[in-house]
Structure formats: C-alpha cells, structure tokens
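Here the structure is laid out as structure tokens; the discussion comes afterwards.
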Amino acid sequence: MSRQANEKRELILLIRELSAPLEPIPPGAGAAPGRLAGVRAVIFDVYGTLFVSGSGDIDASGASPAALDDALAGAGFRTLGADGAARALAIFTGAILRKHAAMKETGADCPEVDILEIWRACLEEMKAGGRLAGDITPRAVMRLAAGYECRANPAWPMPGMAGALASLRAAGMSLGIVSNAQFYSPLLFDALVGQSPAELGFEPALTLWSYLEREAKPSARLFAKLTGAAERRLGLKPDEMLFVGNDMLNDILPAQAAGLRTALFAGDRRSLRMRGDHAACRAAKPDLVLGGLGDLPRRLGAG
C-alpha cells in the first residue's frame, strides 16, 4: 500500500472512530408539495444536506478549546490546557481571516483556504514561540485538522441519503456535489457510508470541492464551472439540473442565478438557513422544499 493510500485509510478510520449517530431535528416548517419533470442531474450540498452537521455547517463550527486539546493529543502533540488552546484557536481564526483578505486582493470573490496550510502555519507559529511540543509532520497536521473537525463539528449521514442516491441513479440521473469543504469532507462518505463519492455515483465532472477550487459558495464562479463542465462533458443544460441545499444564500440563490432549478432541504433545524435578513432570500422561491432526502426521488418521478 502506498504512503498516500495508507494515510487516507488512517484518516477514514479516525473519522469513523470519532463519529457517532446524529439525528436531524425537525425544523417545524417541513416539506411543501410539488414535483419536477425534466431533471437529468441532481447536484447536492454536503453539510446540512447529505450529512447531518452538528454545528449546522462546516463554516459554523464553534471554537472549542477542549476539542483542540483532544485533537492535539491525538496527533502526537502536547496538550495546551484551556487557556493555551483558546489562544491557539485565536491564532487559527486570525490566519484564516488574513488569508481571505489576501485572496480577495487577488480577485477571489468568495475565497476558500486549504485548512492544512492554515493549521501548519499555526503550529509553526506556536512552536516558534515555545508553546508547542511535537513534530510538525504532514501526517500530524492531517490528523489534527480532521480530529478537530470531527470533535467540533460532528457529522452523520442524513436519513434516507443512500437510498435516495441509488434511486436517482437507477432512474438514469447524474449526480454531483458543490460544497464548501476541506480535505476530510469527501472522506465522510468512505468513513460513514462505506463507499467513496465515486462509488456512490457522483460524477467527477459535476463534483466541486471549495478547498480545491479556492472559491467557496455562494461564488458565481463555482456554479459557472459546474454548468460549463455539465454541458461539455454530459450535454446537460442548466435547467436540466437540480441543486439541493439547505441555505437560501449559499445554495439556492447562486444556483438559481446560474440557471439551475433548486430544492431547499428543510429537514434539520440545525442547518436550515432561510436568511430572512437578506431581501433577495426572502423573495426567492425554490422549486421544491424537501422535508427529507427519501422524498426526493418521488418528487422527480424517479421512485
């Protein structure tokens, strides 16, 4: 087994070890009736849509000094204690903000960092200041990043996810992902579903992870890249694709602006983002409102 394959397997096992079942919390306002015809591809958000997210979103995980200390220990570093871990998280947050500002200056509308770069820089700063003991190796940085995320923002497959994907595929529909994500996000599928995104049927041409694109939703560039690839590779027009997401601002509005049809996933109170403080979100109307993923195939005539 290659070093890269071994590292991937180790991370999958780590995510599995640190994960436990999470149930969605019904938000009160559930599904709305309706069906759609003519959909040939379904594109999904991940956090809060395909997976229950303990914090509601990958970008919303609250700073947790205790989670960081546990993650540091799991990655082979000395723990810092509550105050030290809190200071380390302040360094971490500041590094992200500085990187975002620098990327905006070079033209990124919605910049996305590579979290491994951020964690490595933070660890090196702490070690230079005498506040960290341990070797900063690629393996250690990956274990720290994945371990902290699993503890601060636990995730679990949304009920009905695997069955819905299988039904859509059986009906001949292509599957894709556009998600704000980091390197550990695709590994959730391997760790918690037992199949990789490719094995579940997600088309590489229709799969965009923000950390690889260095752009995050609601970036119009992400959706422009999606629609361009869909037409070139699969002959799909934007209005033949449905985007399913839980956030009116980050999912529904940019997808509609790119010409896609949309479904608001309203199955979990933690992650449902109506964004009522945004006038455009209040005025926008998704084509479907879903109370659960299991209902999606029937709404599209696929089950």
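Residues in region 174-190 that are within 15 Å of the chain's Cα centre (by Cα) and not hydroxyl-bearing (Ser, Thr, Tyr): GLY176, ILE177, VAL178, ASN180, ALA181, GLN182, PHE183, PRO186, LEU187, LEU188, PHE189, ASP190. Can you pull out the residues in region 230-244 that are open to solvent by 10 Å² or more (accessible area, probe 1.4 Å) and on the phi < 0 side of the Ramachandran plot? Selection gives GLU231, ARG232, ARG233, LEU234, LYS237, PRO238, ASP239, GLU240.
Within region 228-254, the set of residues being touching a residue at least 40 places away in the same chain (Cβ under 8 Å) and among the small types (Gly, Ala, Ser) comprises ALA230, GLY245. Filter region 25-56 down to the residues that are outside any strand (DSSP E or B), β-branched (Val, Ile, Thr) and within 20 Å of the chain's Cα centre (by Cα) and list them by number. Scanning region 25-56 gives ILE25, VAL46, THR49.
Would you pick out the residues in region 192-217 that are of a type in the set (D, E, K, R) and either at pLDDT below 95 or more than 17 Å from the chain's Cα centre (by Cα) (or both)? Don't jump to the end; show me each part of the working.
Pass one, region 192-217, residues of a type in the set (D, E, K, R): 199, 203, 213-215, 217.
Listed by number, the list holds a single entry, GLU199.
Test LEU80 against the criterion of being of a type outside the set (S, T, N, Q), at pLDDT 95 or above and on the phi < 0 side of the Ramachandran plot, and give yes or no.
Details: of a type outside the set (S, T, N, Q): yes; at pLDDT 95 or above: no; on the phi < 0 side of the Ramachandran plot: yes.
So LEU80 fails the test.
I'm trying to understand the selection: among the residues of region 1-34, which are open to solvent by 100 Å² or more (accessible area, probe 1.4 Å) and charged (D, E, K, R)? Within region 1-34, ARG3, ARG9, ARG16, GLU17, GLU23 meet the criteria.
Condition check: touching a Lys or Arg at 6+ places or on another chain (Cβ under 9 Å) and of a type in the set (A, V, I, L, M). Does ALA263 satisfy that?
Values: touching a Lys or Arg at 6+ places or on another chain (Cβ under 9 Å): yes; of a type in the set (A, V, I, L, M): yes.
Yes.
The listed residues are ALA171, ALA220, and the only one of them that is farther than 24 Å from ALA302 by Cβ, at pLDDT 95 or above, surrounded by fewer than 19 Cβ atoms within 10 Å (Cβ to Cβ) and more than 16 Å from the chain's Cα centre (by Cα) turns out to be ALA220. Per the listing ALA108, ALA71, ALA88, ALA146, the residue uniquely open to solvent by less than 20 Å² (accessible area, probe 1.4 Å), touching a Cys at 6+ places or on another chain (Cβ under 7 Å) and touching a residue at least 40 places away in the same chain (Cβ under 8 Å) is ALA88.
Residues in region 276-294 that are surrounded by fewer than 19 Cβ atoms within 10 Å (Cβ to Cβ) and part of a helix (DSSP H, G or I): ALA279, ALA280, CYS281, ARG282, ALA283, GLY294.
Filtering region 111-133 to residues that are without any contact (Cβ under 8 Å) to a residue 60 or more places away in the chain, assigned to a loop (DSSP other than H, G, I, E, B) and open to solvent by 20 Å² or more (accessible area, probe 1.4 Å) leaves GLY129, GLY130, ARG131, ALA133. Entry remark, region 282-299: residues being over 16 Å from LEU260 (Cβ atoms) and not aliphatic (A, V, I, L, M) number 7 in total. All conditions in (1) surrounded by 15 or more Cβ atoms within 10 Å (Cβ to Cβ); (2) out of contact with any Asp or Glu (no Cβ under 9 Å at 6 or more places or on another chain) hold for ALA37, with the sole exception of (1).
Can you name the residue in region 245-275 that is in a helix (DSSP H, G or I) and of a type outside the set (Gly, Ala, Ser) and, of all such residues, is surrounded by the fewest Cβ atoms within 10 Å (Cβ to Cβ)? Spell out the reasoning first.
Kept after step one, since they are in a helix (DSSP H, G or I), are these residues of region 245-275: 248-257.
Pick out the ones that are also of a type outside the set (Gly, Ala, Ser) and you get 248-254, 256.
Values: MET248: 23, LEU249: 18, ASN250: 24, ASP251: 29, ILE252: 30, LEU253: 22, PRO254: 24, GLN256: 20.
Applying the filter and picking the extreme gives LEU249.
If only residues of region 204-217 that are within 20 Å of ALA263 (Cβ to Cβ) and free of Cβ contacts under 8 Å to residues at least 60 places away in the same chain are counted, the one that is most open to solvent (accessible area, probe 1.4 Å) is THR207.
The values are calculated or read from the model by the stated rules, or taken from the named source; none is laboratory data. Being a predicted model, the structure only gives us computed values, none of them experimental. Note that each Cβ is placed from the backbone with ideal geometry, even for glycine, and that neighbours are counted across all protein chains shown. Side chains included, ligands, DNA and RNA excluded: accessible areas come from the protein's heavy atoms. Shrake-Rupley method; radii C 1.70, N 1.55, O 1.52, S 1.80 Å.
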